[in-house]
Amino acid sequence: MPDKKATPTDITLHQQSRILETVFDDGSKFELPCEYLRVYSPSAEVRGHGPGQEVLQIGKEKVNIVAVEPVGTYAVMLRFDDGHDTGIFSWQTLYELGVNRQQYWADYLQRLADAGHHRDPQPYDEMMSSD
């Protein structure tokens, strides 16, 4: 994770395009698809309770966020329309997901392929593989 303690200055949910836009106090701006946030949720349901216990998330191409709720002054809880609402996304987690978006997305696509799963292409796919 980055050492910097970046704080968001703006978080905007674009439900039609299924993108969460985050702007941080260091000037960084990230456009994070709901699918990406769902499959990298920091919840135990997704990450497990320890190394090697991660659960591959499949079929999340059309997932959307229905609510962004503040958690103190350090995080947000994202409520997804598939019922998932247990991941608390700290500012550091959102920043890390933004900074590492390309690599994490490529890793996810590879894990899907390795598991024999097909993913339907989405409009934001090109954005996810480029900066």
Among the candidates 31, 96, single out the residue that is touching a helix residue (DSSP H, G or I) at 6+ places or on another chain (Cβ under 7 Å), outside any loop (DSSP other than H, G, I, E, B) and of a type in the set (D, E, K, R). 31
Which one of these does residue 110 not meet: (1) free of Cβ contacts under 8 Å to residues at least 12 places away in the same chain; (2) surrounded by 19 or more Cβ atoms within 10 Å (Cβ to Cβ)? (2)
For the range 114-131, check the following and say yes or no: at least one residue is out of contact with any Asp or Glu (no Cβ under 8 Å at 6 or more places or on another chain), farther than 14 Å from residue 34 by Cα and surrounded by 15 or more Cβ atoms within 10 Å (Cβ to Cβ). no
Can you spot a residue in the range 41-55 that is touching a helix residue (DSSP H, G or I) at 6+ places or on another chain (Cβ under 9 Å), assigned to a strand (DSSP E or B), over 16 Å from residue 109 (Cα atoms) and touching a residue at least 40 places away in the same chain (Cβ under 8 Å)? no
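Here's the yes/no breakdown for (1) more than 16 Å from the chain's Cα centre (by Cα); (2) modelled with pLDDT under 95:
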position	(1), (2)
31	no, no
41	no, no
45	no, yes
49	yes, yes
65	no, no
78	no, no
Which one is surrounded by the fewest Cβ atoms within 10 Å (Cβ to Cβ) among residues in the range 1-47 that are closer than 16 Å to residue 103 by Cα and of a type in the set (A, V, I, L, M)? 1
Members of the range 58-81 that are surrounded by 15 or more Cβ atoms within 10 Å (Cβ to Cβ) and assigned to a loop (DSSP other than H, G, I, E, B): 60, 61, 63, 64, 81
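The values are calculated or read from the model by the stated rules, or taken from the named source; none is laboratory data. Predicted, not measured: the structure shown is a model, and the values here were computed from it. For neighbour counting, all protein chains shown are included, and Cβ atoms are generated from backbone atoms with ideal geometry for every residue, glycine included.
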